[in-house]
Amino acid sequence: MAISDEQRILETEDGLKYFAPEREAAWLGLLRAHAALTRGLDAELAARHGIGLSAYELLSRLARAPDGALRMSHLAEQTELSLSRVSRLMDQLETRTLVERRACASDSRVTYATLLPAGRELVRAAQDTFFTVVDERFLGRLSCPEVELLGSLLDRLVARKPAD
């Protein structure tokens, strides 16, 4: 077994690469934690409120937006969902009269997602479930300093490097 890249990436005798154990544990731990938390949130929100995590995020972003409205493209950016996924979610939520699309008066290329009163009530009710699950399955298992450290570490992982 050959060691390369300062023992971060290991290699078998026939040239197959794999992570060193502590790096593999960190990588797989991140994937497992994300999967467990999102599955748990999705299941609880669906069971209690009839919406999945992505729909909750969409409604939550609209609830915090000025006038309960955002450009569809901005909503996609904020939720980190594709524009087509946001559009499909909007279709489902419109059927339930939780949201509606509104055209921009000054630019026909722009469409706004708008939260309706029933959507505001649903997101208000679902917030307790969301925060309880996140606390029970994630943040509540860590001390305040650990939460702060984890937040800064995850921030570093997604921070964009300045252009060279």
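Here the Gaussian network model covers the chain, with springs between Cα atoms less than 10 Å apart; of Ala35, Ala65, Ala20, Ala20 fluctuates the most.
Taking the chain as a Gaussian network of alpha-carbon nodes connected by springs under 10 Å, the highest mean-square fluctuation of the residues Asp67, Asp91, Asp107 belongs to Asp107.
Of the trypsin sites (Lys or Arg not before Pro) found in region 1-110, those in coil by DSSP whose Cβ has at most 11 other Cβ atoms within 10 Å are Arg8, Arg109.
Which order do Thr79, Thr95 fall in if you start with the one that has the fewest other Cβ atoms within 10 Å?
Numbers: Thr79 20, Thr95 9.
Least to most surrounded, the residues fall as Thr95, Thr79.
At 0.36 nm per residue, and after removing the present C-alpha to C-alpha distance, how many nm does the segment from Glu80 to Arg39 gain when stretched out fully?
Numbers: separation 41, 0.36 × 41 = 14.76 nm, distance 1.72 nm.
Here the answer is 13.0 nm.
So, counting K/R as plus one and D/E as minus one, what does the shell of residues with Cβ under 15 Å around Leu83 add up to? Numbers along the way, then the final one.
Values: positive: Arg61, Arg71, Arg85, Arg88, Arg101, Arg109; negative: Glu57, Glu77, Glu80, Asp91.
Cβ neighbours under 15 Å give a net charge of +2.
On a C-alpha basis, how far is the centre of region 100-164 from the centre of region 60-77 in Å? Whole number, if you could? Measuring centre to centre over Cα atoms gives 11 Å. Working from Cα pairs under 8 Å separated by at least six residues, relative contact order for region 2-158 is 18 percent.
Between Ser152 and Ala118, take the C-beta separation as r, use R0 = 35 Å, and let me know the FRET efficiency to the nearest 0.05. Display every interim value, and only then the final one.
Values: r = 38 Å, r/R0 = 1.10.
Approximately 0.35, to the nearest 0.05.
Read-outs throughout are calculated quantities, based only on the coordinates presented, and are distinct from any laboratory measurement. The model shown is predicted, which means the values in this text are computed figures rather than measured ones. Quick reminder, even Gly has a Cβ in these numbers, built from the backbone with ideal geometry, and neighbours come from all protein chains shown.
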